[in-house]
Amino acid sequence: GRCVDRDDIDATADFISDGYGVPSPAGMEATRLLAQTEGILMDPVYTAKALAALIADVRGGRWSRGQNVTFLHTGGTPAVFAYHHEFAAEFAPNSLGSRL
């Protein structure tokens, strides 16, 4: 096994949005991508924003191919139901075709 050092953890405020409990466009994109590619739902606020940050780092070339990166999905599934309107808009059949 490997121990995780404090320097191994990256915390950023770059992906917070306009207020408490407010989904962001990047977070909704991350939610959609994870649902489409892995069949996993996550809350569209907190976990989604963390995944959006990871996706931005991958797209930005922060890690090289083959390098191990861990994303810890800590739950939040009950929050999915609280944001059903956001999911309905993001996953509407007419909105998916242009994004695939």
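Any read-out appearing in this document is the output of simple, stated calculations on the displayed coordinates, not a laboratory observation. Everything quoted here is computed from the prediction, not taken from an experiment. Using ideal geometry, Cβ is built from the backbone for each residue, glycine included, and neighbour counts are taken over all protein chains shown.
Summing Cβ point charges (Lys, Arg +1; Asp, Glu -1) relative to the Cα centre of the chain gives a dipole of roughly 280 debye. For the chain, what is the Kirkwood hydrodynamic radius in Å, using each pair of distinct C-alpha atoms? Hydrodynamic radius (Kirkwood, Cα pairs) of the chain is 14.8 Å.
Placing unit charges on the Cβ atoms of the charged side chains and taking the dipole of the chain about its Cα centre, the candidate lying farthest along the positive direction among Trp63, Gly21, Ala82 is Trp63. Residue exposure proxy: Tyr83, Tyr20, ordered by other Cβ atoms within 10 angstrom of their Cβ from fewest to most, comes out as Tyr20, Tyr83. Neighbours of Pro44 by Cβ distance under 15 Å: Lys/Arg scored +1, Asp/Glu scored -1, total -3. Across segment 28-35, computed HN-Hα scalar couplings (Karplus, 6.51 cos²θ - 1.76 cosθ + 1.60, θ = phi - 60°) run 5, 5, 5, 4, 5, 4, 5, 5 Hz from first to last residue, x flagging Gly and Pro.
Neighbour counts of C-beta atoms inside 10 Å place Arg2, Arg62, Arg32 in the sequence Arg2, Arg62, Arg32, starting with the fewest.
Between 0 and 90 degrees, rounded to the nearest ten: what's the tilt of helix 46-59 against the longest Cα principal axis of the chain? The angle comes out near 60 degrees.
The packing ranking of peptides 67-79, 37-49, highest mean first, is 37-49, 67-79, where packing means the average number of other beta carbon atoms within 10 angstrom of each residue.
Provide the net charge surrounding His84, with neighbours chosen by a C-beta distance below 13 Å and charges set as Lys +1, Arg +1, Asp -1, Glu -1. Here the count lands on -3.
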